[in-house]
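Visitor: Below you will find the structure I want to go over with you.
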Amino acid sequence: MISAVSGNISVYKPVQRTVEAAMIQADAIVTLEENKEIIRTTIAAKTVEDQRQKYLQTEYVGPAREAARLAALGGALAQQLLTQHVGPARAEARLVALGKAPNGALALQSDAQDLRSGCYAGPKPVSVIQADQQYRLALGVLS
């Protein structure tokens, strides 16, 4: 019967298990401390950036602030504060700002094009009215 038992019998040693558990726990602690260090560095960098922004906001006062602002904007001039346009003037100002406002030549050209095409708003020429009447009479629509 003894021969039926395997020759590769391992003996459980509680000491081995505590060493493995201690190594796993040590690795977890090292990882946690590394994460804490990353978080501390991030917080410190954020705090430094916040302090720098606060200093920059209070560094310049009065005319020096305007000069610093112009330097930061690359020398661009600030837009003047004007009263806003209302009604049709607002639409016209928008077109001017977009560069789509019709100038004199463009307006004349579009009006001439409308007149030539016959699809324009406004009163019909007498010749067109007479032609329409003749057409209706020919169809018997107009009595």
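Visitor: Quick one: which of Arg116, Arg94 is surrounded by 10 or more Cβ atoms within 10 Å (Cβ to Cβ) and modelled with pLDDT of 75 or more?
Guide: Arg94
Visitor: Looking at (1) more than 30 Å from Leu56 (Cα to Cα); (2) under 42 Å from the mean Cα position of the chain (by Cα); (3) at pLDDT 70 or above, which one does Ala72 not meet, given that it meets all the others?
Guide: For Ala72, the failing item is (1).
The values are calculated or read from the model by the stated rules, or taken from the named source; none is laboratory data. Keep in mind the model is a prediction, meaning the values are calculated, not measured. Don't worry about glycine lacking a Cβ; one is built from the backbone with ideal geometry, like all the others, and counts go over all protein chains shown.
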